[in-house]
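As structure tokens, the structure follows; a few thoughts come after it.
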Amino acid sequence: MPKGVLVDTTKCIGCRACQVACKQWNGLPAEETVNRGTYENPPHLSGKTFTKVRFTEIEDNGRLQWVFTKIQCMHCVDPACVAACLVGALQKRDDGPVIYDKGRCIGCRYCMMACPFGIPTFEWWDRWPWIRKCTLCVNRWPGTDQEPACVAACPTGALKFGDREALIEEARERIAAHPGKYVNHIYGEKEVGGTSWLYLSAVPFTELGFPNLGEEAVTVNPARAMSAVPPALVAVAALMSGIYWLNKRRQRMSTARAGDHQAKEEVTK
């Protein structure tokens, strides 16, 4: 059964323990940033930051109110990034996560253009860059009792991991029990065909920077997209794929030669 995470923004205190836990579990380095007049940092998701807490100032009867919102890959039910990927480097698993295989990626970055949430990022600083994004900690919970690192680190229960359908039912129950506390909307239940991350809020989601995307899944036709790309860029993508294949072949041959050499040394001994 597909998994998901329910985010109750009314419980989030902006501690960013989820950011720290994500960095620690995924071995992500810190980013050098500057003071931009806000507690929110870093300013954007990147190849070094898979999740962050957005700080939003809301006016409530003339008083300032903070709303804290965790953002990351939404792990769509019908992901546009997967449809856009020409080589199958992105795949949607039956249990929820959208995963990435860098061994197939050719660096075309169509996934970045296709994602309606603007989530996939690129390692611009690296000589051999890859696409990077949240994996829903798929190396933690399948077959174990562990939760995603961010969920396990949350001190207030603002994040809850579980079966997606059960989380939707719980979100509906919370709204029904406290109609004055929440807007009557579960963001992610139906947006772009549904997402694995689901949100509850006390204010309209447009005020928190969530895009109004409608309920229809974002469909991408890779063949049509390729026909609209200038031939020079297609040639570059093909060249990158060829270089990658050659490098992989050289590595395999080098490993095989090293193994043969070691075997000969053992025979001579």
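The values are calculated or read from the model by the stated rules, or taken from the named source; none is laboratory data. Just so you know, these numbers come straight off a predicted model, no measurement behind them. Note that each Cβ is placed from the backbone with ideal geometry, even for glycine, and that neighbours are counted across all protein chains shown. Heads up: the accessible areas ignore ligands, DNA and RNA and are worked out on the full protein's heavy atoms, side chains in. Shrake-Rupley method; radii C 1.70, N 1.55, O 1.52, S 1.80 Å.
When all protein chains stay in place, what accessible area (Å², nearest 10, 1.4 Å probe) is found for Tyr100?
Its heavy atoms expose roughly 60 Å² to the probe.
Once the cut-off is 17 Å, how many percent of the Cα-Cα pairs in segment 22-91 end up in the long-distance tail?
61 percent
Run the simple label-point estimate for Asp94 and Asp60 please: 7 Å along Cα→C-beta, distance reported in nm.
4.4 nm
List the residues whose amide H sits under 5 Å from the amide H of Arg104, counting only those 5 or more places along or on another chain, with H placed 1.01 Å from N in the peptide plane.
none
Using a/c under 1.5 as the rounded threshold, could you call segment 170-217 rounded, prolate or oblate? The axes a ≥ b ≥ c are square roots of the C-alpha gyration tensor eigenvalues, and prolate needs a/b larger than b/c, oblate otherwise.
In terms of gyration-tensor shape, oblate.
Sort 60-71, 189-200, 40-51, 129-140 by packing, meaning the average of other beta carbons within 10 Å per residue, with the highest value first.
189-200, 129-140, 40-51, 60-71
Lys52's amide H: which non-local residues (gap 5+, or another chain) put their own amide H closer than 5 Å, with H modeled 1.01 Å from N in plane and none for Pro or chain starts?
Ile71
Just subtract the alpha-carbon distance of Glu169 and Asp126 from 0.36 nm times their residue separation and send over the number in nm, one decimal.
11.1 nm
With every protein chain left in place, what is the accessible area per residue of segment 1-146 in square angstrom, probe 1.4 Å?
52 Å²
What is the sum of charges around Glu123, taking Lys and Arg as +1, Asp and Glu as -1, for the other residues whose C-beta is under 15 Å from the C-beta of Glu123?
+4
Once label points are set 7 Å from the Cα along Cα→Cβ at both Thr206 and Thr33, what is their separation, rounded to one decimal in nm?
For Thr206 paired with Thr33, the spin-label model returns 2.8 nm.
At 7 Å along Cα-to-Cβ for each site, give me the label-to-label distance between Ala177 and Thr156 in nm.
Each label point lies 7 Å from its Cα, and together they span 1.8 nm.
So if I restrict to the alpha-carbon atoms in segment 93-157, what is the Rg, and what is Dmax, the biggest pairwise distance, in Å?
My reading of the Cα-based Rg and Dmax gives 14.3, 41 Å.
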